[in-house]
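Student: Input: one structure, supplied below.
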Amino acid sequence: MLYVIAGAALTPFHGDESTQVYMSRDYAYQFLQRDLNLVMFHDPPLSAQEQDLRLLNGTLNKYLIGLAWHLGGFTLDNINQQWDWGGSWDYNQSSNHAPTPALLNVARLPSAIFLALGVPVLFALGWLTGGAWAAFAASLLYALHPALLINGRRAMMEGSLTFFSLLTVLAGAWWLRRRNWIAALALGLAAGLTVASKHTGAFTVAAVFGLVGVVALFTSPPAPLSIGRGGSVLAKSPLPTERERQTSPGKPLALGRGVWGEVAVRMPGVMLILLAAFVAALTFYALNPAWWRDPLSRAGDVLRLRQDLLAGQTATFGGYPNFGAALAGFWNQLFVTPPQYFEVAGWDVYLADQIAAYEGSIWRGLHIGAVMLVPLVLIGVIYLLRKTERSLRVLIGGWALVMLASVLLLTPIEWQRYYLPAYPPVLLLAALGVAGAVNWLRVRSAPKQPVL
């Protein structure tokens, strides 16, 4: 965690950081000036630029950036303007469209801290699914992943999005273990903060809620479990009671006579999932004042603005011409391509010194190529299917599939930060691959018992 945070100040700059710092004006409007009207939706808008940014972006990061510069001794007068992508680098730097180095370092802290908090969360997911080897491997791969480090350390939305997405998956796993209202509230809160971090977090939230809902409806509540030395999931008692046999982990719904009776018994779990969904929606709504007056219309506005943004990006920078190109970009960004510091041609000139300093430091992370990563992922998939308890297998496997499919099918342009949601599940599968390889080596090296 300290490694993740320590490299934040040295990370090369991105123009979107200026925009996020500019958006933190909403913190001043709402909490310093205490004028809620300034952040509400208006037609016509009080400021079209600010209102569009409120709708287009997540709100959590801008509030935390505002809190950070407020505690750091900065004022609203110190906040820069939005980065002007139509202007040159020199124009933006000389006309207050970029934050000062001191302000930028403070503004990066919230995202970097959230990215660092993802380390223990992924550790916990690794421990649940594969034991100690998977836990340590997952947290190490995460903390050293160059693309996660670059984007999560910047004053952007990716740090909080990554952390709360992982927390939502972990809360889903906890709910599957406990199936009580406290776990449901934790799941709802984590999910709401995920979407409030960045709207694309909705894919993670939808996947987790759908998967835990299916497990809740079609399997019995689990018996208490423990993790064996090799990472396998074991029952606490070697001789389960009749009641434990009836409620063993992942026990599928009996087919035929009595199915609807069993569904009725399991409906309280589904109701708890609905409670979690309500808490998630309420959390998101509370953090988005621009949605308060007419949330359905605002949802439509967000979709329109998002479509316009992606259309403009693909028109300007060139998108994927066909599915084959999208598949190649997907493969490159997940397994092959080194860190991407910028998307706009020509920025290599302006960032050359920053990139050289960053890559020459110990904080740059470690790029693991396809030769090592792909075999580990494949072994991890086999381990997940064969060794992991059924409900966790459904949750982790389903989450990984949804993340991979969503970035493959919905990413129109090869920008590395758009692939960030797929990295954590890939790294977790690779960590399970490490656990699987270690277990195989243990079996191979174990002394054979003589045959009598």
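Student: Taking 0.36 nm per residue of separation and subtracting the Cα-Cα distance, what length does fully extending residue 331 through residue 294 add?
Tutor: 9.3 nm
Student: Is there a quick way to get the dipole size of the chain? I mean about its Cα centre, with the Cβ of Lys and Arg at +1 and of Asp and Glu at -1; what is the value in debye to the nearest 20?
Tutor: Charge dipole of the chain: 2460 debye, to the nearest 20.
Student: From the square roots a ≥ b ≥ c of the eigenvalues of the alpha-carbon gyration tensor of region 47-170, which class results: rounded (a/c under 1.5), prolate (a/b over b/c), or oblate?
Tutor: Numbers: a/c = 2.43, a/b = 2.29, b/c = 1.06.
Here region 47-170 falls in the prolate category.
Student: Still on this model: Running Debye on the chain with equal point scatterers at the Cα sites and no solvent, what base-10 log of I(q)/I(0) appears at q = 0.08, 0.12, 0.14 Å⁻¹?
Tutor: -0.50, -1.07, -1.38
Student: At 0.36 nm per residue, and after removing the present C-alpha to C-alpha distance, how many nm does the segment from residue 342 to residue 47 gain when stretched out fully? Each step should come with its number before you reach the end.
Tutor: On the way: separation 295, 0.36 × 295 = 106.20 nm, distance 2.88 nm.
That works out to 103.3 nm of additional length.
Student: Which of the DSSP-defined H helices in the chain satisfy a minimum axial length of 30 Å, computed from C-alpha atoms, and a minimum mean Kyte-Doolittle hydropathy of 1.6?
Tutor: Working: long enough: 101-143 (42 Å, 1.48); 259-286 (40 Å, 1.70); 295-317 (33 Å, -0.03); 423-445 (33 Å, 1.02).
Once both thresholds are applied, what remains is 259-286.
Student: Positive end of the dipole of the chain, charges at C-beta (+1 Lys, Arg; -1 Asp, Glu), about the Cα centre: which of 336, 87, 416 has its Cα farthest in that direction?
Tutor: Most positive-ward Cα: 336.
Student: Going by average Cβ density within 10 Å per residue, which order do the peptides 182-189, 363-370 take, highest to lowest?
Tutor: Working: 182-189: 21.1, 363-370: 15.6.
Ranked by mean Cβ neighbours within 10 Å, highest first: 182-189, 363-370.
Student: Between residue 322 and residue 442, what is the label-point separation in nm under the 7 Å Cα-to-beta-carbon projection?
Tutor: Label at residue 442, label at residue 322, 4.9 nm between them.
Student: Sorted by average packing, counted as other Cβ atoms within 10 angstrom per residue and highest first, what order do 318-327, 270-279 take?
Tutor: Descending packing order for the listed peptides: 270-279, 318-327.
Student: To the nearest Å, what is the center-to-center distance of region 39-92 and region 390-443, using C-alpha atoms only?
Tutor: So the two Cα centres are separated by 34 Å.
Student: Sorted by packing (mean other beta-carbon atoms within 10 Å per residue), highest first, where do 80-88, 92-100, 111-119 land?
Tutor: 111-119, 92-100, 80-88
Read-outs: derived from the displayed coordinates by stated rules, not from any lab. Computed from a prediction, not measured in an experiment: that's the story for all the values here. Every residue, glycine as well, gets a Cβ built from its backbone with ideal geometry; the counts of neighbours run over all protein chains shown.
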